[in-house]
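**Student:** Let me begin by handing over the structure; questions about it come next.
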Amino acid sequence: MDPHDRRKLAHLVGGLALASALVTAGRVFADSPTPMPAMPMQLPHGQKDIGVAPSGNYTLDPNHVGVIARVSHLGFSYSVFRFGHAEGTLQWNHEAPERSKLVATVETASIETNVPKFAEQLAGDQYLKSSKYPVATFVSTAFHQADSTHGRVDGRFTLMGKTRPVTFDVSLVGAGPGFAGGPVMGHVIGVHAETSISPQDFGLPAIFNEPIGLAIDTEFDLKPKA
């Protein structure tokens, strides 16, 4: 077969293969249901004004919470530890914020670190004694609103059986209706809060000789009424 005939045969085979592929694709699409168009949805967005949050009993959202401890590493740097399990309730009073109340707990054994097996050691009897004292607790005693996005919350912080007064500086990240039409979120109050504690006040080893910073980022949800 001369080169000219070979080229004609190659074009013919290629054309047949393309036609077969188009027919097969057509059958697949014909047998498939027509895809539904995407439904337009307006996503909620938090507002920088706590005044838009209605009164009610809010619950800490476990899917949107981070509890961070920032600990001096022998004066060289800071080690950052995260606690993975927290719960809390916020009784928010829209008309009188100073009457609001907060209770929050953190499972001390849920501590996380990027150092292999160090979390288990920190949760053990040498440090947090999680088997004996499984949770750290904060119970508010006073709310002090400074403006629409800032305030302080005084309270009693309990760790390893010892309770001391602690004040969190709180910044509002966003508030307002979340997915208020659905069964999950309702209204939302999202905050960032910071404080520091003295490790010696709670019986931590002397190796911790500088204040430990605590930072919390979370959302509190007011679920829609059934």
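Throughout, read-outs are computed from the coordinates displayed, never taken from laboratory work. Not measured: the values here are computed from a predicted model. Using ideal geometry, Cβ is built from the backbone for each residue, glycine included, and neighbour counts are taken over all protein chains shown.
**Student:** At q = 0.09, 0.17 Å⁻¹, what is the log10 ratio I(q)/I(0) for the stretch 52-222, with the Debye formula run over Cα points and no solvent?
**Tutor:** Normalising to I(0) and taking log10 leaves -0.32, -1.05.
**Student:** Grab the other residues whose beta carbon is less than 13 angstrom from that of GLY176, score K and R as +1, D and E as -1, and report the net.
**Tutor:** -2
**Student:** Efficiency by 1/(1 + (r/R0)^6): what FRET value for HIS94 and HIS73, r their Cβ-Cβ distance, R0 = 45 Å, to the nearest 0.05?
**Tutor:** That pair, HIS94 with HIS73, gives E of 0.55.
**Student:** Something else about it: Please tell me the relative contact order of the stretch 52-222 in percent, rounded to the nearest whole number, where contacts are Cα pairs under 8 Å and at least six residues apart.
**Tutor:** 24 percent
**Student:** Another one. Using Cβ contacts closer than 10 Å as the measure, can you line up GLU194, GLU98, GLU219 from fewest to most?
**Tutor:** GLU98, GLU194, GLU219
**Student:** Would you mind pulling out the separation of the Cα centroids of the stretch 75-91 and the stretch 153-225, in Å?
**Tutor:** Each part's Cα centre sits 9 Å from the other's.
**Student:** Give the cross-link partners of LYS223 among the aspartates and glutamates, using a straight C-alpha distance below 12 Å as the criterion and excluding same-chain residues fewer than 8 apart.
**Tutor:** Leaving aside aspartates and glutamates fewer than 8 places away in the same chain, those within reach of LYS223 are ASP61.
**Student:** Here's a follow-up. Where does the charge balance sit around GLY46 when Lys and Arg score +1, Asp and Glu -1, over other residues with C-beta under 14 Å from its C-beta?
**Tutor:** That works out to -4.
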